[in-house]
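**Q** Please read through the structure below; I'll follow up with questions.
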Amino acid sequence: MGIAKSIRPYHSPAGGWGALKAMGTALVEQHVAFAGMELLSRMNQPGGFDCPGCGWADPKHTSPFEYCENGGKAVAWEATAKRCTPDFFAAHTVRELEQLSDFELEMEGRLTHPMRYDSIGDKYEPVSWEEAFALVARHLNALPDPNMAEFYTSGRASNEAAFLYQLFAREFGTNNFPDCSNMCHEATSVGLPQSIGVGKGTVLLEDFEKADCIFIFGQNPGTNSPRMMTDLRNASRRGATIMSFNPFRERALERFQAPQNPIEMATLTSTPISSRLFQVKVGGDVAVIKGIMKCLFEADEEARRTEAAPVLDWDFIRGHTVGIEALVADVAATQWSAIERKSGLSRADLLEAANAYRKAERTIFVYGMGITQHRHGAQNVQQLTNLALLKGNIGREGTGMCPVRGHSNVQGDRTVGITEVPGKEFLDRLEARFGFAPPRAFGHNVVTALEAMARGESKVFIGLGGNFASAIPDWEATQKAIRGLDLTVHIATKLNRSHLVHGREALILPCLGRTEVDLQATGPQSVTVEDSMSMVHASAGVRPPASEHLRSEPAIIAGMARATLGAGSKVAWEKLAGDYALIREDIEAVFPIFQAYNARIREPGGFHLTSLARERIWATPSGKANFLVVEGLCEDSSVQADEALWITSVRSHDQYNTTLYSNSDRYRGVYNQRDVIFLNEQEMAKRGLKADDRVDIFTLATDGIERAVRGFRVVPYAFPDGGCAAYYPEMNPLVPLYAHDPMSFTPAYKGVPVRLVKTAAQGAL
Ligand SMILES: Nc1nc2c(c(=O)[nH]1)N[C@H]1C(S)=C(S)[C@@H](COP(=O)(O)OP(=O)(O)OC[C@H]3O[C@@H](n4cnc5c(=O)[nH]c(N)nc54)[C@H](O)[C@@H]3O)O[C@H]1N2
Ligand SMILES: Nc1nc2c(c(=O)[nH]1)N[C@H]1C(S)=C(S)[C@@H](COP(=O)(O)OP(=O)(O)OC[C@H]3O[C@@H](n4cnc5c(=O)[nH]c(N)nc54)[C@H](O)[C@@H]3O)O[C@H]1N2
Ligand SMILES: [Mo]
């Protein structure tokens, strides 16, 4: 693979030979080519392990190839032959390590020993597990108030690890659970229950086989959930209509060549995916949805006048919902000119989308970060739900809401108690099961945790996985706040930025990955995870651990808990860490939805956690599904519209969140660089910019603080007016902490107003 930086449009379909080649390259680069292929054959199979990549569901009847290019990369990254040992840490001060890129840090390979930061030498040094646990205990027990500690979770943690973690923090005395989902699908968790009574998707994989229409808003399946491409491809071949709304013409939304299909591979043919791909403006989704609803209401009115069949499902609306009158009034008051301006789409486009929806009998609404990561993320979700409810597209075969979750177990972590706003029933059951009084006051989410750190009120941060310091917004202020903490602890598999942006004292605690055998007192253990479709199934690693010093996540949590809570703890930590079936018994006792947990995880494909909305039981205060109104089109009046460009941040095809597999992004035609900004030629011309110019990007902030990233290469791209895009996490310094959804606290990673200034010294490309 060359290292020359280039921009070259990619003309092939998504998937295909390009995908197989890329996966092979990842395995070879990590020196695990042979073992890697063997490993992949055990992934997502009965008795094997769950892919550590995305949260897309596994089919019940698996083929030997239940993996995708990016799942293959995720496995290669974890199963790498490279090791980041105490010798490596001895050779570099932390200030030196800070000079390495995120890519270089993770390329050092798997962490092998628990390490403790030594401030005198500015180096991480090996520490014994017991000393590490004692240090955690000392800091936690020194806090005058347990709410001065933050317990962060990244969504790869298993149900068993997550349950033990919340148990530890709650017995210690806090509900401070900032969680990666606070930056991800929190808008779903908060927005959806107000609409339909549940905060999760309502579809199962088999619904994709029955839908005749699929709407995809702000999600990039070819990169972030490639196994979904099989379902989209099958739907397309069956003749289902797929309507996509995305500022980018993402290749996989256009056409896909299935690597598992010998004919497409041999003949180099592909399947078109979207019937239409509408390039919506950044932040224009509410305008799109209101436009479609306006067409539907007009058509329904016309049908009434002419006594034709109604367009909307009035039986469902009357029997199952409340609030339609207010919605009709709101949409009627919204002008077409405003809808067209804000969405960037014409009335004819929206009519076409509305007609496709109108004709369809069964529609699924798929969405991702393009919907949730906005200042009105939860309201975006609710408007999309309105659209589904208008035609009774929830709780019926082949229909439903399909938020595509991120991390492979982010949904499960929530289900088993990782939440800063726990319900009374859950806490009562926890108390009854364990006999300690859990704290009742709500705790911190990511945004409020960062605010508390900045005020000096939080002192200890513990991270169960993830790369908190990189994933969060507003780096200058927020990373400074983290550096002010007394102790930072990271349970991790690979070295990352968060280990370098540390508190006065710091620990790196290396853990087993999902591909590895987890041997405890009672023998090898399996863990369980829940996918995007609420299917729970077991996962058991098959490889020997990367180092003999690694411990499992449950064992590390139990170690910290035992040391911190001492003999007075009501929980038998060692026993639980020795036999995960006992943890599952506790989960079942606290969450009755997990009835017969240990027996049911043996079912092939796992078992489904019932979703009430799927049964058309609406767990809302009204007992009905609610049509909800958002005023206007979510305009931000705080900025001058003519100067502002709205920047959105996206994942490249070669990254898993903050983990980079390479610096290229094949489908968008970007090679060996990430400091690029995509915008269209009109927006370039307006600013006197030409291709390959370098620009500094400044946030149009309302708090007077300068936020900038510098020297980004201008890449002309077919992108809607008024917006631009760059990569996550490089954009994070630009996202002010205040720029979050007030309902869900999701940071507005997909919509920050910026201005561009040509970089003074134009460096070489
Ligand atoms: N390989 C791989 N898989 C992953 C991940 C990964 O990084 N790599 N991350 C995992 C995680 S944690 C998550 S949350 C998911 C993320 O998966 P996605 O939700 O697909 O994430 P993104 O790439 O951030 O953005 C999604 C899409 O939103 C579009 N978009 C941006 N702004 C807007 C807007 O205003 N409106 C609309 N309609 N669209 C917009 C972007 O062009 C992009 O195509 O994937 C998970 N799976
Ligand atoms: N600008 C911008 N910012 C964003 C987003 C965006 O779209 N744009 N997306 C947001 C989203 S959706 C999310 S989910 C967050 C992601 O935030 P996080 O979940 O915090 O970040 P990751 O990059 O997924 O974490 C990667 C690290 O996890 C560790 N790890 C990997 N596997 C394991 C394991 O099995 N166990 C343990 N203990 N550790 C492991 C490794 O050390 C690795 O370095 O970022 C958010 N930030
Ligand atoms: Mo995510």
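**Q** Would a scan of the range 391-400 turn up a residue that is polar (S, T, N, Q), under 26 Å from Thr321 (Cβ atoms), modelled with pLDDT of 95 or more and not in a loop (DSSP other than H, G, I, E, B)?
**A** Looking through the range 391-400, none of the residues is polar (S, T, N, Q), under 26 Å from Thr321 (Cβ atoms), modelled with pLDDT of 95 or more and not in a loop (DSSP other than H, G, I, E, B).
**Q** Does Thr478 satisfy being β-branched (Val, Ile, Thr), more than 16 Å from ligand 3 (Cβ to nearest atom) and more than 20 Å from the chain's Cα centre (by Cα)?
**A** yes
**Q** In the range 12-26, is there at least one residue being part of a loop (DSSP other than H, G, I, E, B) and closer than 19 Å to Glu250 by Cα?
**A** yes
**Q** Please enumerate the residues belonging to the range 216-232 that are out of contact with any helix residue (DSSP H, G or I) (no Cβ under 8 Å at 6 or more places or on another chain) and open to solvent by less than 20 Å² (accessible area, probe 1.4 Å).
**A** If the condition is that a residue be out of contact with any helix residue (DSSP H, G or I) (no Cβ under 8 Å at 6 or more places or on another chain) and open to solvent by less than 20 Å² (accessible area, probe 1.4 Å), then Ser225 is the only one that fits.
**Q** A further question follows. Pick from the range 359-384 the residues that are more than 17 Å from the chain's Cα centre (by Cα) and in a helix (DSSP H, G or I): which of them is farthest from ligand 2 (Cβ to nearest atom)?
**A** Only one residue tops the list, namely Lys359.
**Q** Let me spell it out: the conditions are (1) assigned to a helix (DSSP H, G or I); (2) in contact (Cβ under 8 Å) with a residue 60 or more places away in the chain; (3) open to solvent by 10 Å² or more (accessible area, probe 1.4 Å), and Leu387 meets all of them except one. Which number is the exception?
**A** It is condition (3) that Leu387 fails.
**Q** Is it the case that some residue within the range 186-201 is among the acidic types (Asp, Glu), touching a residue at least 60 places away in the same chain (Cβ under 8 Å), farther than 14 Å from Ile557 by Cα and assigned to a helix (DSSP H, G or I)?
**A** Yes, the range 186-201 contains at least one residue that is among the acidic types (Asp, Glu), touching a residue at least 60 places away in the same chain (Cβ under 8 Å), farther than 14 Å from Ile557 by Cα and assigned to a helix (DSSP H, G or I).
**Q** Select from the range 140-185 the residues that are touching a residue at least 24 places away in the same chain (Cβ under 8 Å), buried (at least 24 other Cβ atoms within 10 Å of the Cβ) and among the aliphatic types (A, V, I, L, M) and list them in ascending order.
**A** Leu140, Ala149, Ala157, Ala161, Ala162, Leu164, Leu167, Met183
**Q** Test each condition in (1) in contact with a strand residue (DSSP E or B) (Cβ under 7 Å, 6 or more places away or on another chain); (2) part of a helix (DSSP H, G or I); (3) away from ligand 1 (no atom under 16 Å from the Cβ); (4) farther than 23 Å from Val527 by Cβ for Ala169 and report the one that comes out false.
**A** Against the list (1) in contact with a strand residue (DSSP E or B) (Cβ under 7 Å, 6 or more places away or on another chain); (2) part of a helix (DSSP H, G or I); (3) away from ligand 1 (no atom under 16 Å from the Cβ); (4) farther than 23 Å from Val527 by Cβ, Ala169 comes up short only on (4).
**Q** Let me ask something else. Quick test for you: out of Asp315, Asp330, pick the one residue that is assigned by TED's automatic domain parsing to the domain that holds Ala303, in a helix (DSSP H, G or I) and within 19 Å of Gln194 (Cβ to Cβ).
**A** Just a single option satisfies the conditions, and that option is Asp330.
**Q** For Ala338, which of the numbered conditions (1) within 16 Å of ligand 1 (Cβ to nearest atom); (2) within 30 Å of Pro736 (Cα to Cα) fails to hold?
**A** Result: Ala338 fails condition (1) only.
**Q** For the range 454-484, give me the residue count where each residue is open to solvent by 50 Å² or more (accessible area, probe 1.4 Å) and within 16 Å of ligand 2 (Cβ to nearest atom).
**A** Residues flagged as open to solvent by 50 Å² or more (accessible area, probe 1.4 Å) and within 16 Å of ligand 2 (Cβ to nearest atom) within the range 454-484 amount to 3.
**Q** Just one of (1) outside the structural domain of Glu451 (by TED's automatic domain parsing); (2) within 16 Å of ligand 1 (Cβ to nearest atom) trips up Leu204, so point out which.
**A** (2)
**Q** Then there is this: Identify the residue in the range 428-453 that is among the hydrophobic types (A, V, I, L, M, F, W, C) and free of Cβ contacts under 8 Å to residues at least 40 places away in the same chain and, among all such residues, is surrounded by the fewest Cβ atoms within 10 Å (Cβ to Cβ).
**A** Ala432
**Q** OK, next. Which of (1) surrounded by fewer than 22 Cβ atoms within 10 Å (Cβ to Cβ); (2) of a type in the set (A, V, I, L, M); (3) at pLDDT below 95; (4) closer than 30 Å to Ile317 by Cα is the odd one out, the single condition Ile617 does not satisfy?
**A** (3)
**Q** Next question, about the same structure. Filter the range 506-545 down to the residues that are within 17 Å of Leu40 (Cα to Cα) and in a loop (DSSP other than H, G, I, E, B) and list them by number.
**A** Selection gives Gly513, Arg514, Thr515, Val517, Ala540, Gly541, Val542, Pro544, Pro545.
**Q** Can you tell me how many residues in the range 635-694 are within 16 Å of ligand 3 (Cβ to nearest atom) and of a type in the set (Asp, Glu)?
**A** Number of matching residues: 0.
**Q** I'm trying to understand the selection: among the residues of the range 406-425, which are under 14 Å from Val536 (Cα atoms) and either away from ligand 1 (no atom under 16 Å from the Cβ) or assigned to a loop (DSSP other than H, G, I, E, B) (or both)?
**A** Ser408, Asn409, Thr415, Val416
**Q** Next question, about the same structure. Please find, among Ala169, Ala161, the residue that is more than 17 Å from the chain's Cα centre (by Cα), more than 15 Å from ligand 2 (Cβ to nearest atom) and among the aliphatic types (A, V, I, L, M).
**A** Ala169
**Q** Report yes if Ala303 is modelled with pLDDT of 95 or more, surrounded by fewer than 21 Cβ atoms within 10 Å (Cβ to Cβ), more than 16 Å from ligand 1 (Cβ to nearest atom) and within 21 Å of Thr241 (Cβ to Cβ), otherwise no.
**A** Here the answer is yes, as Ala303 does meet what is asked.
**Q** Please list, ordered by first then second residue, the pairs with beta carbon atoms under 7 Å, 6 or more apart or interchain, first in the range 551-563 and open to solvent by 10 Å² or more (accessible area, probe 1.4 Å), second β-branched (Val, Ile, Thr) and not in a loop (DSSP other than H, G, I, E, B).
**A** If the second residue must be β-branched (Val, Ile, Thr) and not in a loop (DSSP other than H, G, I, E, B), the pairs left are Glu553/Ile491; Ala563/Val136.
**Q** Further question on the same structure: May I ask you to list the residues in the range 356-370 that are within 11 Å of ligand 1 (Cβ to nearest atom) and within 17 Å of Ser274 (Cβ to Cβ)?
**A** Result: Val366, Tyr367, Gly368, Gly370.
**Q** Just name the residue that is nearest to Arg249 (Cα to Cα) out of those in the range 661-695 that are aliphatic (A, V, I, L, M) and crowded, with 19+ Cβ neighbours inside 10 Å.
**A** Leu679
**Q** Which residue pairs have Cβ atoms closer than 6 Å, lie 6 or more positions apart in sequence or on different chains, and pair a first residue in the range 617-639 that is in the same structural domain as Val198 (by TED's automatic domain parsing) with a second residue that is modelled with pLDDT under 95?
**A** Filtered contacts from the range 617-639: Ala619/Leu612.
The values are calculated or read from the model by the stated rules, or taken from the named source; none is laboratory data. What you see is a predicted model; the values in this text were computed from it and never measured. Note: ideal-geometry Cβ built from the backbone for every residue, glycine included; neighbour counts use all protein chains shown. For the accessible areas, the whole protein counts, side chains as well, though only heavy atoms, and no ligand, DNA or RNA atoms are used. Shrake-Rupley method; radii C 1.70, N 1.55, O 1.52, S 1.80 Å.
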